[in-house]
Amino acid sequence: MNTLAQSAAQASIPQWSGGLVRWIGAGALAAAAYWERRTAIKALLERDDRELRDIGLVRSQIEAAVGGAFNPHRANMR
């Protein structure tokens, strides 16, 4: 009898609350990823051109490199 009472109580929980929790979690992860990217971009922008050249970047490629869109090794393969 106790099992039936628990399953009936679980069925009455609104389904939107689970979606809301997932939405908030996804938003928190997106915000953390955004701030991590901004921190990396800021750190690279503080480097001088020689240091950037040493790691294979020019200043105009920093945001693309941090975002994962720039891969100098793939560019050479084409």
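Readers should treat all values here as calculations from the given coordinates under stated rules, not as data from a laboratory. Only a predicted model underlies this, so the values are computations on that prediction, with no experimental measurement involved. Note that we place each Cβ from the backbone using ideal geometry, even for glycine, and neighbour counts take in every protein chain shown.
Quick look at the numbers
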quantity: Residue match in the stretch 52-62 (condition: in a helix (DSSP H, G or I), out of contact with any strand residue (DSSP E or B) (no Cβ under 8 Å at 6 or more places or on another chain) and in contact (Cβ under 8 Å) with a residue 12 or more places away in the chain); calculated: yes
quantity: Leading residue by the ranking (farthest from residue 69 (Cα to Cα)) among those in the stretch 26-48 that are among the charged types (D, E, K, R) and surrounded by 10 or more Cβ atoms within 10 Å (Cβ to Cβ); calculated: 47
quantity: Long-range neighbours under 7 Å by Cβ, at least six apart or interchain, first residue charged (D, E, K, R) within the stretch 25-40, second surrounded by 10 or more Cβ atoms within 10 Å (Cβ to Cβ); calculated: 37/66; 37/67
